[in-house]
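Below you'll find the structure, written out as C-alpha cells, and then a few comments.
The values are calculated or read from the model by the stated rules, or taken from the named source; none is laboratory data. Here the structure is a predicted model, which is why all the values come from computation and not from measurement. Neighbour counts run over all protein chains shown; Cβ positions are idealised from the backbone, glycine included. Side chains are part of the model used for accessible areas, which takes the heavy atoms of the whole protein and leaves out ligands, DNA and RNA. Shrake-Rupley method; radii C 1.70, N 1.55, O 1.52, S 1.80 Å.
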Amino acid sequence: MTKSALQIARAAYQPKLPKALKGAVKVQEGEPTQSVADQEAIKALFPNTYGMPLIKFVEGEATEHAPMNVGVILSGGQAPGGHNVISGLFDGIKKLNPANKLYGFILGPGGLVDHKYIELTSDIIDEYRNTGGFDIIGSGRTKLEKEEQFEKGYEILKELGIKALVIIGGDDSNTNACVLAEYYAAKNYGVQVIGCPKTIDGDLKNDMIETSFGFDTACKTYAEVIGNIQRDCNSARKYWHFIKLMGRSASHIALECALQVQPNVCIISEEVEAKNMSLDDVVTYIAQVVADRAAAGNNFGTVLIPEGLIEFIPAMKSLIAELNDFLAHNGEEFNNIKRSKQREYIISKLSPANSAIYASLPEGVARQLSLDRDPHGNVQVSLIETEKLLSEMVATKLAAWKEEGKYVGKFAAQHHFFGYEGRCAAPSNFDADYCYALGYTASMLMAAGKTGYMSSVRNTTAPAEEWIAGGVPITMMMNMERRHGEMKPVIQKALVKLDGAPFKAFAAQRETWAKETAYVYPGPIQYFGPTEVCDQPTKTLQLEQAK
Ligand code: FBP
C-alpha cells in the first residue's frame with residue numbers, strides 16, 4: 001500500500017489513555033441499574049443481563065489472566081476511529097496475556113454468521129493505527145437477530161476458542177449485541193458480548209456515553225468544507241448554497257456544524273417536529289431569510305439541512321409510520337408488483353390522508369420512501385435529495401413573492417451533500433484517543449468477566465489523562481419501540497434536545513447569523529500543533545459538559 005506523508009507520520013501517534021488504564025486495573029461497581037423506560041418489559045426480556053451495576057475502572061494490583069481469544073465485528077456505517085478501537089482492544093488483550101488472540105469477522109455481523117474471519121496480528125494492526133475507515137476487516141449491515149444466526153455464530157466462536165466478542169456499532173447494532181449477550185448467557189455458552197458506541201450521527205449517547213466515536217472527526221470534516229464554501233459564497237456573492245448533512249435521524253451533525261461555521265440558516269429536524277411545522281412552513285422560513293438578505297443587497301447565503309428532516313415533518317412522519325407497518329406485513333406482495341405499478345399500488349393501500357400526501361410527493365422522494373430500506377427497516381434518507389426539494393420550493397415561493405412585490409432579488413442555488421466524505425477521514429486527536437480508550441476499556445470489561453456491557457469513557461472535555469473508563473449495562477439504555485409493526489426492545493436514540501445547551505446556544509444566535517454574514521472558517525483538522533488547535537472536542541460536547 002502506498003502511504004501518504006501524513007499517513008506515515010500519523011502512524012507513529014501514540015493515542016492517550018486515561019490514567020486509570022495505564023497500569024493494572026480493578027473494577028469498582030456502582031448501584032444496580034434500571035432501563036430508561038418500560039422497566040418491566042425489558043427486565044422480562046433480559047433476565048440474565050438486566051439490572052447489572054455501572055462499572056468504573058480504577059488503578060489496581062497486577063493479576064494473572066488465563067489466555068482468552070477475542071472476536072471483533074465492525075457493524076453499520078463507517079465512523080472515523082474504528083481502527084483505533086480495534087488497536088486499543090488488541091493492545092489491551094495482549095497486555096492481559098500475550099498469548100491472547102484477536103479475530104476479526106469480515107464485512108460486519110454477516111462474517112460471524114458465515115464464518116468469515118481473519119486473525120488480526122500485530123503486523124496487520126500496525127498498518128491501521130490512527131487511520132480512518134473500517135477496511136481492516138470491513139463493515140456490514142446484516143442484522144443479528146435470529147436464533148439460528150446466534151447458533152451459527154456460536155459454532156465459529158467455539159471453534160476458534162473465542163470467549164468474548166466485541167461489537168462496534170450504533171444503537172441498532174448495540175441493541176443486537178445485548179440480545180446476543182442475553183442469549184449466550186441464557187444458554188451458558190461462556191461467551192461474553194461487549195458493545196462499543198460508534199456512529200458519526202452522534203445519536204448514541206446518554207448520561208454514561210457522552211458521545212459516539214466518529215462524530216467529532218466527521219463534523220470537523222464537514223465544517224471545514226462548509227467554511228470553504230462560505231468563503232467562496234462571500235467572495236462571489238451570487239449563490240445560495242443548500243447543504244444537506246448526514247445524520248439519519250437526529251440533527252446533531254447539522255447543529256454541531258452550525259455552531260462551528262455560523263451559517264445563515266440551519267434547520268433542526270427536532271424543532272420542526274416540536275413546532276408541528278409543515279414542509280411549507282420550513283420553506284417559508286428559509287424564503288423569508290433569503291428575502292430579508294436580498295432586501296439588504298445580499299443575494300447569497302448558506303442553508304444547512306439535516307438529512308433526516310423529511311421524517312420529522314409530522315405529516316411525513318405519519319406517512320412513513322404507516323408505510324413501515326404496511327410494508328412489514330405486505331412486503332412480499334409489494335415486491336412482486338412491477339416497479340412501474342408500485343406507486344399506484346401504495347396509493348391505493350394507504351389511508352386517505354397519507355395516500356394524498358404520498359401522491360403529492362415528487363416521484364424520486366416517493367420511491368425512496370416506499371422502496372429502499374436498509375436491513376434495519378430504516379428509510380435511506382441519504383438518498384433523498386432534500387436539499388434540491390427545498391431549494392426548488394424556495395425558488396417557487398420567491399417567484400410568487402416577486403409577483404406580489406414582496407421580494408426583490410436574484411436567487412441562484414447550488415446543492416451539496418456531505419456525508420460519506422466525513423465517515424472515513426483520518427480520526428482527529430479526540431477520536432484517535434477516545435477510540436483507543438474505548439477499545440482498551442472493552443478488553444478490561446472482558447477480563448472482568450462482564451457481558452451485555454457497553455464500553456464507556458467519560459469526562460471527555462478534560463485532558464485524556466483524566467477520562468473515566470468503565471462499562472454501562474446496555475439494558476440500561478433500552479426502551480420498547482414499534483419496529484416493523486411490532487414492539488421491540490431497542491436502545492433509545494438520543495435526539496437533539498431543544499432545552500439542551502447546544503440548541504439553546506444556536507437558537508440565541510441564529511437571527512444574527514441569518515441577517516449578518518457572520519461566517520466562521522474552521523479550516524482542516526490539525527493533527528500536529530498547539531493543543532487549542534488540535535485537541536478541542538466538539539462544541540456540542542463542550543456546551544453539554546459545561547452544564
Ligand atoms: P450508522 O448509524 O450505522 O453509524 O450509520 C450512519 C450513517 O452514516 C447515516 O448518517 C446515514 O444515513 C447512513 O449511515 C447511510 O448508510 P449507508 O452507508 O448504508 O449508505
* Asked: In the range 212-239, which residue that is closer than 21 Å to LEU543 by Cα, in contact with a strand residue (DSSP E or B) (Cβ under 6 Å, 6 or more places away or on another chain) and aromatic (Phe, Trp, Tyr) is surrounded by the fewest Cβ atoms within 10 Å (Cβ to Cβ)?
  -> TYR222
* To do: For the range 119-141, enumerate the residues that are more than 17 Å from ILE8 (Cα to Cα) and open to solvent by 60 Å² or more (accessible area, probe 1.4 Å).
  => GLU119, ASP135, ARG141
* **Tally, over the range 520-547, of residues that are within 28 Å of LYS205 (Cβ to Cβ) and either open to solvent by less than 60 Å² (accessible area, probe 1.4 Å) or within 22 Å of the chain's Cα centre (by Cα) (or both)** => 18
* Asked: open to solvent by less than 30 Å² (accessible area, probe 1.4 Å), of a type in the set (A, V, I, L, M, F, W, C) and more than 21 Å from GLU224 (Cα to Cα) - does that describe any residue in the range 397-405?
  -> yes
* To do: Filter the range 206-224 down to residues that are more than 10 Å from the ligand (Cβ to nearest atom), touching a Lys or Arg at 6+ places or on another chain (Cβ under 7 Å) and among the hydroxyl-bearing types (Ser, Thr, Tyr), then give me how many there are.
  => 1
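Is it the case that some residue within the range 281-303 is more than 16 Å from the ligand (Cβ to nearest atom), of a type in the set (D, E, K, R), closer than 24 Å to ILE200 by Cβ and in contact (Cβ under 8 Å) with a residue 40 or more places away in the chain? Quick ask: steps written out before the conclusion?
Residues of the range 281-303 more than 16 Å from the ligand (Cβ to nearest atom): 281-303.
Now drop any that are not of a type in the set (D, E, K, R), which leaves 281, 292-293.
If we keep only those that are closer than 24 Å to ILE200 by Cβ as well, we get none.
So far as the range 281-303 goes, no, none of its residues is more than 16 Å from the ligand (Cβ to nearest atom), of a type in the set (D, E, K, R), closer than 24 Å to ILE200 by Cβ and in contact (Cβ under 8 Å) with a residue 40 or more places away in the chain.
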* To do: Identify all residues within the range 240-261 that are out of contact with any strand residue (DSSP E or B) (no Cβ under 8 Å at 6 or more places or on another chain) and within 9 Å of the ligand (Cβ to nearest atom); write none if there are none.
  => ARG248, SER249
* Structure fact -> Of those in the range 171-200 that are among the small types (Gly, Ala, Ser) and open to solvent by less than 10 Å² (accessible area, probe 1.4 Å), the residue farthest from the ligand (Cβ to nearest atom) is ALA181
* Structure fact -> Residue pairs qualifying under the 8 Å Cβ cut-off, at least six apart or on distinct chains, with the first in the range 90-103 being part of a strand (DSSP E or B) and the second being open to solvent by 40 Å² or more (accessible area, probe 1.4 Å), are LYS101/GLU119; LEU102/GLU119; TYR103/TYR117; TYR103/ILE118; TYR103/GLU119
* Asked: How about the range 481-517: which of its residues are buried (at least 17 other Cβ atoms within 10 Å of the Cβ) and in a strand (DSSP E or B)?
  -> ARG483, PRO489, VAL490, ILE491
* (1) within 13 Å of ILE73 (Cα to Cα); (2) within 24 Å of the chain's Cα centre (by Cα): which one isn't true of ASP171, the others all being true? -> (1)
* Asked: Taking the stated definitions as given, is LYS163 away from the ligand (no atom under 16 Å from the Cβ), out of contact with any helix residue (DSSP H, G or I) (no Cβ under 9 Å at 6 or more places or on another chain), open to solvent by 10 Å² or more (accessible area, probe 1.4 Å) and not in a loop (DSSP other than H, G, I, E, B)?
  -> no
* To do: Please give the number of the condition ASP203 fails out of (1) open to solvent by less than 10 Å² (accessible area, probe 1.4 Å); (2) within 16 Å of the ligand (Cβ to nearest atom); (3) over 14 Å from the mean Cα position of the chain (by Cα).
  => (3)
* **Looking only at the range 459-487, and only at residues there that are over 22 Å from the mean Cα position of the chain (by Cα) and among the acidic types (Asp, Glu), the one that is farthest from GLU29 (Cα to Cα)** => GLU486
